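A.B. asks: Handing you a structure now.
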Amino acid sequence: MKFIIAAAFLTMANFSFAEVLTLVQDARPVDGDLTELILNRPGRSADFEVTLHKAYFDRRAGKEVNTTESIGTHMQCDLNLESNTVNEINCQVDQRPVDGALVKITIVRNKSNSLYSAKIQQQHFDRANGKDVTENNLLGSSFSLKKSK
């Protein structure tokens, strides 16, 4: 167990040069959407802010539509690196004790084409029905990764 914890710490230390990781899936030239999953680590914080940006052209309105939503703040992210290549990113934040949700994001690199898939899982307690609710959604399956400071 101590080895695994140390490995995760070293992984974050090796990847500390990147303050922003952006996963981009752009299918706009062919009637698709631009989807960006942005992991931002402000300052020297260990926590990440994760946002989802989408853009598309609305032909009926004749204009581009942009939306940005916060997926989570203060998210703890573990990065799995191999030869300075990100193979997997797991982020989560648990705000359930205070009427919030458990939010998990899993990003995995497809080794055959070097693209990434991203999915989100959200768990919360539905007070009206008295049940735990789990929602799983695929954010995209052909993301490319950009790192920046």
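Just so you know, all these numbers are worked out from the coordinates, no wet-lab data involved. Only a predicted model underlies this, so the values are computations on that prediction, with no experimental measurement involved.
A.B. asks: Among [x] 12.1; [y] 10.3; [z] 9.0, only one was calculated for this model; which label is it, if the read-out is mean projected area of the Cα convex hull in nm²?
C.D. replies: Checked against the structure: label [x].
A.B. asks: Also, I was wondering about something else. Eight or more residues apart or on different chains, and alpha-carbon atoms under 28 Å: count the Lys pairs in the stretch 2-148 matching that.
C.D. replies: Pairs that pass both the separation and distance tests number 18.
A.B. asks: Given springs between every Cα pair under 10 Å in a Gaussian network model of the chain, which of S117, S83, S45 has the largest fluctuation?
C.D. replies: Most flexible of the set in this elastic network: S83.
A.B. asks: Build a GNM of the chain with springs between Cα atoms under 10 Å: which of A101, A27, A118 gets the top mean-square fluctuation?
C.D. replies: Judging by the Gaussian network model, the answer is A27.
A.B. asks: Same structure again: How much mean residue ellipticity at 222 nm does the chain get from its helices, if each DSSP H run of length 4 or more adds -39500 (n - 2.57) and you divide by all residues, to the nearest 500 deg cm²/dmol?
C.D. replies: Computed mean residue ellipticity for the chain: -3000 deg cm²/dmol.
A.B. asks: Could you check which residue among N136, N113, N87 shows the biggest mean-square fluctuation in a GNM of the chain with a 10 Å Cα cutoff?
C.D. replies: N113
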